[in-house]
Amino acid sequence: MFFFFDLRKMISINNKLRQAVVGIAGLGGLGSAVAVALARSNIGKLIIADFDTVDAGNLNRQQYFVDQVGKVKVDAMIENLKRINPDVKVKAHQQKLNPDNIGEIFAGANVIAECFDKAEEKQMLVETVLTRMDKPIIVSVSGLAGYGNSNEITTRRISNRLILVGDGKNGIDSGQPLTAARVGIAASHQANAIVEVIVDGIKG
Amino acid sequence: METLKINGVEKQFPSGQLPTTVAELLQLLNINTATVVAEIDGQIIEREKFAETQLSKGQNIELIRFVPGG
């Protein structure tokens, strides 16, 4: 009986994830890991956006491979996602995001993951989504540089449309490096928060 | 004294010395306007309106600050 109950619950969770559309803004350390986690979670559709190409220096923390260096990031990520879960629909945009194209690129998204590097771009995306789009919840990250202090990275609900992940203080501007494990912790917080809002809605 | 609630903490200002705008408050707190999302009483204030958005005592202000890295 317990098994039966769990199976029903699993099916219900899977159905909600299958119907969901998630936008991922930026495919660096955060975005590439969020995309992989959501693909493995059998998400319905991902809208991925990044203007950049894979650089050798990205491989210490981003979910690409040595033979993908030089490739356009969205193309490399489509390849990797297809190999992980071909059932996930992926719409890719190789372009830089700005306040005038964000609404169009992420139209139909239930949730948007802010996975940018620069503080100004994080600000721009969060402000744009909250002021110019009516629907999507945004899950943003501030403070993930360095190593150790795993438990300082938290997930906080700021409002009914904004969730903030991170330690709130450790930026790369403080001279700290980005390391795979700590970036991965933040990305997993982000992906986990996205799964939660898709399945249960935003908790107040 | 007049107060503003900033990120859940009451901050007191001597009467008449409440910052008049969001921009003035951020300057007082030494926060770069390019890296903060501001919310007053649940309403997001666009960055380009920081200088013209007036503050009044008793408001609940959330300042969401971003540091680089991703």
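Structural remarks
- Search result, residues across the stretch A:129-146 that are under 20 Å from residue A:27 (Cα atoms) and either surrounded by fewer than 20 Cβ atoms within 10 Å (Cβ to Cβ) or not hydroxyl-bearing (Ser, Thr, Tyr) (or both): A:129, A:136, A:137, A:138, A:139, A:141, A:143, A:144, A:145, A:146
- Checking each residue in the stretch A:64-92 for being in contact (Cβ under 8 Å) with a residue 24 or more places away in the chain, within 18 Å of residue A:49 (Cβ to Cβ) and charged (D, E, K, R) picks out A:73, A:89, A:91.
- Residue count for the stretch A:101-124 satisfying the condition of being more than 14 Å from chain B (Cβ to nearest Cβ) and of a type in the set (D, E, K, R): 1.
- Residue that is surrounded by the most Cβ atoms within 10 Å (Cβ to Cβ) [pool: residues in the stretch A:172-182 that are touching a strand residue (DSSP E or B) at 6+ places or on another chain (Cβ under 8 Å) and in a loop (DSSP other than H, G, I, E, B)]: A:179
Every residue, every condition in (1) surrounded by 15 or more Cβ atoms within 10 Å (Cβ to Cβ); (2) assigned to a helix (DSSP H, G or I); (3) free of Cβ contacts under 8 Å to residues at least 40 places away in the same chain, yes or no:
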{"residue": "A:148", "(1), (2), (3)": "no, no, yes"}
{"residue": "A:151", "(1), (2), (3)": "no, yes, yes"}
{"residue": "A:158", "(1), (2), (3)": "yes, no, yes"}
{"residue": "A:165", "(1), (2), (3)": "yes, no, yes"}
{"residue": "A:168", "(1), (2), (3)": "yes, no, yes"}
{"residue": "A:184", "(1), (2), (3)": "yes, yes, no"}
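- Checking the stated criteria, residue A:149 turns out not to satisfy the condition of being within 25 Å of residue B:39 (Cα to Cα) and of a type in the set (S, T, N, Q).
- Consider the stretch B:19-53 and keep the residues that are touching a helix residue (DSSP H, G or I) at 6+ places or on another chain (Cβ under 9 Å) and assigned to a loop (DSSP other than H, G, I, E, B). The one that is farthest from the other protein chains (Cβ to nearest Cβ) is B:19.
- All positions within the stretch A:150-169 that are of a type outside the set (Ser, Thr, Tyr), touching a helix residue (DSSP H, G or I) at 6+ places or on another chain (Cβ under 8 Å) and either facing chain B (nearest Cβ under 7 Å) or farther than 19 Å from residue A:110 by Cα (or both): A:153, A:166, A:167
- For residue A:95, the conditions (1) free of Cβ contacts under 8 Å to residues at least 60 places away in the same chain; (2) touching a strand residue (DSSP E or B) at 6+ places or on another chain (Cβ under 8 Å); (3) closer than 22 Å to residue A:37 by Cα; (4) more than 14 Å from every other protein chain (Cβ to nearest Cβ) are fulfilled apart from (3).
- Across the stretch A:125-142, the qualifying residues are those that are in contact (Cβ under 8 Å) with a residue 40 or more places away in the chain and not β-branched (Val, Ile, Thr), and the one among them that is nearest to the other protein chains (Cβ to nearest Cβ) is A:125.
- Checked against the criterion of being free of Cβ contacts under 8 Å to residues at least 60 places away in the same chain, on the phi < 0 side of the Ramachandran plot and loosely packed, with under 14 Cβ neighbours inside 10 Å, the candidates B:46, B:39, B:24, B:10 yield just one match: B:10.
Read the figures in this text as sums done on the coordinates, not as results from a lab. Quick caveat, the model's predicted, so the values are computed rather than measured. Heads up, the Cβs are rebuilt from the backbone with ideal geometry, glycines too, and the neighbour counts pull from every protein chain shown.
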